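Below is one structure, written out as structure tokens; comments come after it.
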Ligand code: M6R
């Protein structure tokens, strides 16, 4: 995820900014850059890749001055390259902007600015901000920033510098964190306190709609009507390690808790609730091409394959298009039936998984159109697919995939709305799904708020040697995902099964030592799952049940209940998976294991 740091004071800014960027490295990034304003006007240095690359550039071409802004970019709009790295500048390189977030109406603004004669040099949404500020500039940087921000829709944390109003940094926030660090005759701006903790522990947190104006003589906070806002100063007591993980003990836990935000990011600007439709700009398929499709093949590995199974149900049930899901490693060596009316959906968090990439290439070779659902912008799959939907879930650092899964399911739901409404889904049905999607972030938060209940269940079962996960319909893939999460970080043997399949074999495993997790929200197959619960209980199994409302029919049948809020059937996986992520996490922690880097596993499997 992108990071911002800025400095204004009397010291040389370059080393301070580079050091601040290094403190932000843990967030993940693919390019970095710095802008400084000094007697020579405004200068920038940028580099693709690690901060050491930027340091190399700066060794050859140093930047001097004591006012600067810097950025680590995790690509969202445009490839990760030097040109798209921040700072982004205006036509005359007098204004530099670093930006976290997404400007949703950047397409329209870019068009307008081009018509006014502005020249664009990057593919980023951020560059429109630099040009808007340039167009509005009339001597005072903060006034121009206010004018520009009043035109943009979307989210931002920004820091801006201008050689025409030197010695000043203007920063502003809407939906993307930003704080001002207070030093002695010097001030900082940062998106994350880790970047400036070496220098100060006194900070002012900006709220949405607020702007900071920093000079070496002081700072003030304004609203977007240029009225002064009085703010309290907070003291940071956390250690650096605590901050990098956002106060969580592990990245995995942090990522689980980020899900209300990450799924919102996946949906942002894409869901059209009134029309029960979705806007997906990157598909590169016309309406006619989408309508002419005869089959979909979804291919992926691991957790991404599980989300694919949910996607298959979405597509067949709501868009009425024949869909198959294939392990990428199998697909690439079969002789699958693929035509030019086939859409191959490739799902990958990293965009680098070797089997998935090979499967995509094979599908392309056979004439299919390919569509990547990828989190990492500019990754190989994202570069080679014909079209794509970025997940915008931010970097996933824990090896066990959590937030990428929920964002993948959201992206599949968005695609289904689009395909379904182009085919035979009614606007009423589309609206029902879209409104239920909007409610999900808050619903996930309510599950996260009850993490201690799940931790208590983990304590009870931390020494188990086997687990069974059972679900039906949309929640069968969740059973697989729950079992995978537990296996990979706790090293407990776990199996996921369709609940009714249990009696065809796995039922032999059940005894009083065997915890069985049922994923049984109140959906169309709930009554069927209850029969399966009875079968387990009759054999003495310990039942943990994820459900959506208490049902007296479950009384006496279940030992532990974890309740999730109610939603439409197809969206339950996004809720029911969350307790399973937490259960696996807490069990692994209680077994004293390395949750973020489990043995034998790599975050991205780039070998066959
Ligand atoms: O980056 P990808 O989504 O392509 O990765 C696929 C699998 O390797 C990945 O989901 C793996 O199964 C995770 N460790 C699961 O938590």
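Throughout, read-outs are computed from the coordinates displayed, never taken from laboratory work. What you are looking at is a predicted structure, and each value in this text was computed from that prediction instead of being measured. We place every Cβ from the backbone using ideal geometry, glycine too, and count neighbours over all the protein chains shown.
Side notes on the structure shown:
- Restricting attention to the chain, close to 60% of DSSP beta bridges with both partner residues there are antiparallel.
- Value of Rg to Rh for region 81-158 (Rh from inverse mean 1/r over Cα pairs, i.e. Kirkwood): 0.91
- Sorting the segments 270-278, 388-396, 67-75 by their residues' average number of neighbouring beta-carbon atoms within 10 angstrom, most packed first, yields 67-75, 388-396, 270-278.
- Relative to the globular-protein estimate of 2.2 N^0.38 Å, the Cα radius of gyration of region 90-129 stands at 1.10.
- By the helix-only formula, in which each DSSP H run with n ≥ 4 contributes -39500 (n - 2.57) and the sum is divided by residues, the chain has a 222 nm mean residue ellipticity of -10500 deg cm²/dmol.
- Rg/Rh for region 70-219, where both radii come from Cα atoms and Rh is the Kirkwood radius: 0.95
- For 303, 567, 59, order by how many other beta-carbon atoms lie within 10 Å, fewest first: 59, 567, 303
- Full-stretch length increase - residue 361, residue 275 - with 0.36 nm per residue and alpha-carbon distance subtracted: 27.5 nm
- Contact order for the chain, expressed relative to its length and based on alpha carbon pairs under 8 Å spaced 6+ residues apart, stands at 11 percent.
- Shape parameters for region 385-543, alpha-carbon atoms, Rg then Dmax in Å: 18.1, 52
- With respect to the chain, whose longest principal axis is taken over its alpha-carbon atoms, helix 526-537 is tilted by about 70°.
- Burial ordering of 497, 26, fewest other beta-carbon atoms within 10 Å first: 26, 497
- Unit Cα scatterers, Debye sum, region 254-316: log10 I(q)/I(0) for q = 0.13, 0.20, 0.29 Å⁻¹: -0.53, -1.18, -1.18
- Spin-label model distance (nm) - residue 446 vs residue 427, 7 Å beyond Cα toward Cβ: 3.0 nm
- Subtracting the Cα-Cα distance of residue 227 and residue 83 from their residue separation scaled by 0.36 nm leaves 48.3 nm.
- On Cα atoms only, tilt of 427-448 relative to the major axis of the chain in degrees: 80 degrees
- Between 0 and 90 degrees, the angle of helix 354-365 with respect to the longest Cα principal axis of the chain falls at about 90 degrees.
- Between residue 150 and residue 500, the FRET efficiency estimated from the beta carbon spacing at R0 = 56 angstrom works out to 0.45.
- Volume in Å³ per residue [convex hull over Cα atoms, computed for region 247-448]: 105 Å³
- For region 451-590, pairs of C-alpha atoms spaced more than 21 angstrom apart make up 32 percent of the total.
- In nm, spacing of pseudo-spin labels at residue 121 and residue 553 (7 Å Cα→C-beta vector): 6.6 nm
- In terms of Cα atoms, the Rg and Dmax of region 232-287 work out to 18.4, 54 Å.
- Report note on the peptides 513-521, 43-51, 404-412, 225-233: ranked by the mean count of other C-beta atoms within 10 Å, highest first, their order is 404-412, 513-521, 43-51, 225-233.
- In units of the rule-of-thumb radius 2.2 N^0.38 Å, region 167-246 shows an alpha carbon radius of gyration of 1.06.
- Taking 16 Å as the cut-off, the amide N atoms of region 527-545 that come nearer than this to a point 7 Å along the Cα-to-beta-carbon line of residue 513 belong to 540-542.
- Among 334-347, 543-556, sorting by the average number of other beta carbon atoms lying within 10 angstrom of each residue, highest first, gives 334-347, 543-556.
- Cα→Cβ-extended label distance, 7 Å offset, between residue 531 and residue 10, nm: 8.2 nm
- With neighbour counts taken as other beta-carbon atoms within 10 Å, the residues 503, 168 rank, fewest first, as 503, 168.
- FRET efficiency, residue 335 to residue 104 (Cβ-Cβ, R0 35 Å, nearest 0.05): 0.20
- Amide N proximity, region 387-423 versus residue 284 label position 7 Å along Cα-to-Cβ, cut-off under 17 Å: 387-391
- For the chain, the percent of C-alpha pairs falling in each 10 Å distance bin, counted from 0 to the bin holding the largest distance, reads 3, 16, 25, 24, 18, 10, 3, 0, 0.
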